[in-house]
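Everything on this sheet refers to the single structure shown next.
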Amino acid sequence: MKLCSLKSGRFGSRISMSFYSQHLFLLGFLGLCSISGLVLSQNHTLIFSKDNNIRNCSCSSNIHNCDYNLANLECSCKTVHPKNKTGSRLSYSGNLTIWFSDTSTLGKLVNFTFVKNLKLSLCGTTVLPTEYLAILGLRHLRVQTEVMEEQSVIIYSCSDQKIKEGDGPCPTSRDKQSQLHISYLDTSVFNGLSLVKSYSVENISSVLEHFPNLPLSNVITTADTSYIVTLIY
């Protein structure tokens, strides 16, 4: 009887351990699915102009370039009125994609907007003039047209390159946080005449003084702030 009882106890213990292990596995699997669901559900902001209306959309996935019908079907969209004037500070914390067909509309949507990750898509084959748009805080830019493959630009930082002999020291991370990043985009890059490039200058005390020919440089007057100015051309 004792032997039988002992075997029964071991068998029950094995069943209990097996059930416990399976329970942990199930919880872990459900947790992983929940995390994956959260990642997949992260929204992207898409803004485009169509039929004289500006549409602001929240999309759970990337939409094929300039596919307006699909965007209206797959995304949550609403018609908005652009209020971005010179010196305003529209801000986007996530990924922002803008579809546009002319520089006037693009200027209303992106000029003096704060965004780190930005994709700009020209819908149509219109040749754009050379105009400069100011974008704040930009770190990663992608540009694409219907006749040009997507190009990507990572905005330069001093820490990405070796300091040349005679150059000043790179700003510390604290110094960089206190500097305002301003990128000037030449809209003629969408004509696809050459590869998109960027050039940055750090520790600028006055944009107007160092870049007097850049448009709107006189309106950038933040006190007690230095600038990192990037030209994208």
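Before moving on, here are some points about what is shown:
- Selection status of ASN62, more than 14 Å from CYS123 (Cβ to Cβ), of a type outside the set (Val, Ile, Thr) and modelled with pLDDT under 90: yes
- Per-region count, segment 158-180, residues open to solvent by less than 30 Å² (accessible area, probe 1.4 Å) and modelled with pLDDT of 55 or more: 1
- Pairs where the first residue, in segment 197-212, is outside any helix (DSSP H, G or I) and the second is among the polar types (S, T, N, Q) and surrounded by 14 or more Cβ atoms within 10 Å (Cβ to Cβ), C-beta under 6 Å, 6+ apart: SER198/THR230; SER200/THR230; ASN203/SER226; SER205/SER226; PHE211/SER217
- Restricted to segment 181-202, and to residues there that are over 19 Å from the mean Cα position of the chain (by Cα) and among the hydrophobic types (A, V, I, L, M, F, W, C), the residue that is most open to solvent (accessible area, probe 1.4 Å) is LEU193.
- Tally, over segment 211-233, of residues that are closer than 16 Å to TYR132 by Cα and modelled with pLDDT under 90: 10
The values are calculated or read from the model by the stated rules, or taken from the named source; none is laboratory data. A quick note: this is a predicted structure, and the numbers were derived from the prediction, not measured. Cβ sites come from the backbone with ideal geometry, for glycine too, and all protein chains shown count toward neighbours. These accessible areas exclude ligands, DNA and RNA; they are computed on the full protein's heavy atoms, side chains included. Shrake-Rupley method; radii C 1.70, N 1.55, O 1.52, S 1.80 Å.
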